[in-house]
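Notes to accompany the following structure.
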Amino acid sequence: MEGNTPTRQDERSAATRASLIDAGRRLFGERGYAAVGTEELVRAAGVTRGALYHQFRDKAALLEAVYETVERELTERIAADVLDAGAADPLAALREGARAFLDACSEPQVERIVLLDAPAVLGWERWREIGMGHAMGIVLATLQAGIDAGAIREQPVEPLAHLLVGAMDEMAMWVARAPDRATAREQAMGTIEGLLSALAP
């Protein structure tokens, strides 16, 4: 191999990993982690059981990779939605982001993987660590822009970002488990808007 140029074996390995993640995402999203066996996963991905265990130590490790993929795409999608909405200021951008996040979490695949299976299988700490890793950057940057513009009261940004990201995760999980999700989502959005309004000078 010359420099960092990937070899044919590297490319095959990456393709195998991608196939397993795609299969896991579809099957976990449709029926849930507990209802999907490894035999079904390898058949859906078109690979061998050995290939699965070469890429991932177990089924839980595959779920973690699936969850990271969904979280990354979710963050990119929310950022694009906020941009498309043309929010007038950082607080408006945070409101649009919160609305886009709650909308996305109402989708069956996102709800099942992000809100139900990932915290149960990976444990709360790892679930939160991955979620924070993807959402934190955009929330930190938006809050800092708001403080710089005078739209948000001067205060330490990092604890505030953790508060907001944690609150959004909890709200999404609460909505997902509510008997009347439409009402719960409306109430959750109202609570988040009240929290954000309190940040203004």
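Where in region 15-88 are there trypsin sites (Lys or Arg not before Pro) that are in a DSSP coil and have at most 15 other Cβ atoms within 10 angstrom of their Cβ? Mind dumping the intermediate values first?
Working: sites: ARG17, ARG25, ARG26, ARG31, ARG43, ARG49, ARG57, LYS59, ARG72, ARG77; in loops: ARG57.
Here the trypsin sites (Lys or Arg not before Pro) that fit, given the DSSP loop and packing criteria, are ARG57.
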>> Could you check the spin-label model distance between MET173 and SER106? Points 7 Å from the Cα along Cα→Cβ, value in nm.
In response: 2.1 nm
> Of all accessible surface on the chain at a 1.4 Å probe, what whole percent is carbon and sulfur?
Replying inline: 53 percent
>> Expected output is a single nm value to one decimal: the length gained when fully extending between ARG26 and ALA198, i.e. 0.36 nm times separation in residues minus the C-alpha distance. What is it?
In response: 57.9 nm
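Before I look further, what does the chain give for accessible area per residue, probe 1.4 Å, in whole square angstrom?
Accessible area per residue, the chain: 52 Å².
Which value results when the Cα radius of gyration for region 66-172 is divided by 2.2 N^0.38 Å? Could you put the intermediate results ahead of the total?
Numbers: Rg = 13.8 Å, N = 107, 2.2 N^0.38 = 13.0 Å.
Normalised Cα radius of gyration, region 66-172: 1.06.
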>> Can you give the FRET efficiency to the nearest 0.05 for LEU163 and ARG77, using r as the Cβ-Cβ distance and R₀ = 30 Å?
In response: 0.85
> In whole angstrom, how far apart do the alpha carbon centroids of region 123-201 and region 45-61 sit?
Replying inline: 35 Å
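Hey, can you list the DSSP H helices of the chain whose Cα span along the axis is 15 Å or longer and whose average Kyte-Doolittle score is at least 0.0? Mind showing how you got there, number by number?
Values: long enough: 8-31 (34 Å, -1.06); 59-85 (39 Å, 0.11); 90-105 (22 Å, 0.48); 124-149 (35 Å, 0.23); 157-177 (30 Å, 0.75); 181-197 (23 Å, -0.18).
Once both thresholds are applied, what remains is 59-85, 90-105, 124-149, 157-177.
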> At 222 nm, what helix-only mean residue ellipticity would the chain give, in deg cm²/dmol to the nearest 500, using -39500 (n - 2.57) for each DSSP H run of four or more?
Replying inline: -25000 deg cm²/dmol
> Where is the GNM fluctuation largest for the chain (alpha-carbon springs, 10 angstrom cutoff): ASP103, ASP22, ASP180?
Replying inline: ASP180
>> For a bin width of 5 Å, list the pair-distance distribution of the chain built from all Cα-Cα distances, rounded to whole %.
In response: 1, 7, 14, 16, 16, 14, 11, 8, 6, 4, 2, 0
>> Suppose R0 equals 22 Å. What FRET efficiency, 1/(1 + (r/R0)^6) with r the Cβ-Cβ distance, do ALA35 and THR69 give to the nearest 0.05?
In response: 0.65
>> Assuming 0.36 nm per residue, please report the length gained on full extension of the stretch GLN187 to ARG57 beyond their Cα-Cα distance.
In response: 42.7 nm
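The values are calculated or read from the model by the stated rules, or taken from the named source; none is laboratory data. What you see is a predicted model, and the numbers here were worked out from it, not measured in a lab. All Cβ positions, glycine included, derive from the backbone under ideal geometry; neighbour counts span all protein chains shown. The protein model used for the area step is the full one, side chains on, heavy atoms only, and it has no ligands, DNA or RNA in it. Shrake-Rupley method; radii C 1.70, N 1.55, O 1.52, S 1.80 Å.
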